[in-house]
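Here's the structure we're looking at; comments come further down.
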Amino acid sequence: MKVVLLAGGLGTRLREETEFRPKPMVTIGGRPILWHIMKMYAHYGHTDFVICLGYKGDVIRDYFLNYEVRHRDVTVTLGSRELDIHGPHGEGGWKVTLAETGESTLTGGRLGRVMRYLGRERCMVTYGDGVADVDIDKLLAFHRAHGKLATLTAVRPSSRFGEVVIDRDMVQVFQEKPQVQGGWINGGFFVFEPAALELIAGDDESLEQSLLTKLTGMRQLAVYQHQGFWQCMDTPREMDLLNELWRQDKAAWAVWR
């Protein structure tokens, strides 16, 4: 099953870090947060990734095209094309499709642009700037059991995010950034059936304000309530928090350790 990662946004609230690189390439413990997300999925056996590129997408392209050279010992024979790569491969078997989806395309539109790589198969989707210890096996089992076109993972942080009102395992209301405290919010880690993505009409469609709203109105958006760890990286404070958790060996999202 393919995993789609939304990695094309501007990351304006983390401007000091994102002036020269996209937010998914901001590091935690010396590795991009994008890598951390991929490692989590790979732990559950999902290693076929489609990355939606946009703002400074060439930085992500260069990272993966030069991945072996960056992370393993190499011997270069000057004057020839000979390159020997040494040591164990920690991410053997990962397949990574780097798809240009446009710098100004909205999140729903980015999904529409990569549908040609997904076929007519179920896929998973998440944002490239948030980590969690979501049990992917349980998430997929939940999705299959409910038989809906899509499943959203809901989490419980602060009210500056969009709120999800839940009624009997279904999304009752999807509201962006309410002015109230508490409640469940959209934590990403989606599962989509092909028919759900066919509802995307164009580049100017937002995943949150268009596709998820459509699915909610159709009673086709189930919600998996994640009670464990979840943290996005929108601000320098959140970046520092994640790095400190990594340094203290308290990175709950690092399920592969």
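All of the numbers you see were taken from the coordinates with simple rules; none came from a lab. In this text, all values refer to a predicted model and were calculated from it rather than measured experimentally. Here Cβ is always computed from backbone atoms with ideal geometry, including for glycine, and neighbour counts include all displayed protein chains.
For the chain, the fraction of alpha-carbon pairs lying more than 29 Å apart is 29 percent, rounded to a whole number.
For Thr77 and Arg31, what does the FRET efficiency come to when R0 = 22 Å and r is the distance between their Cβ atoms, rounded to the nearest 0.05? Before the final figure, lay out each step's value.
Numbers: r = 29 Å, r/R0 = 1.32.
Using R0 = 22 Å, I get an efficiency of 0.15.
Relative contact order of the chain: 24 percent, from C-alpha pairs under 8 Å at least 6 residues apart in sequence.
Residue ranges 29-35, 127-133 sort as 127-133, 29-35 when ordered by packing (mean number of other C-beta atoms within 10 Å per residue, highest first).
Distance distribution P(r), the range 64-166, all Cα-Cα pairs, bin width 10 angstrom from 0: 9, 27, 31, 20, 9, 3, 0 percent.
Peptides 143-152, 107-116, ordered by how many other C-beta atoms sit within 10 Å of their residues on average, highest first, read 107-116, 143-152. Within the straight-line cut-off of under 30 Å between alpha carbons, the lysines reachable from Lys148 are Lys2, Lys39, Lys95, Lys138, Lys177, Lys214, sequence neighbours fewer than 8 places apart in one chain being disregarded.
Peptide packing: for 216-229, 3-16, the average count of neighbouring Cβ atoms within 10 Å per residue gives the ranking 3-16, 216-229, highest mean first.
Dividing the summed helix terms, -39500 (n - 2.57) for each DSSP H run of n ≥ 4, by the number of residues in the chain produces a 222 nm estimate of -7000 deg cm²/dmol to the nearest 500.
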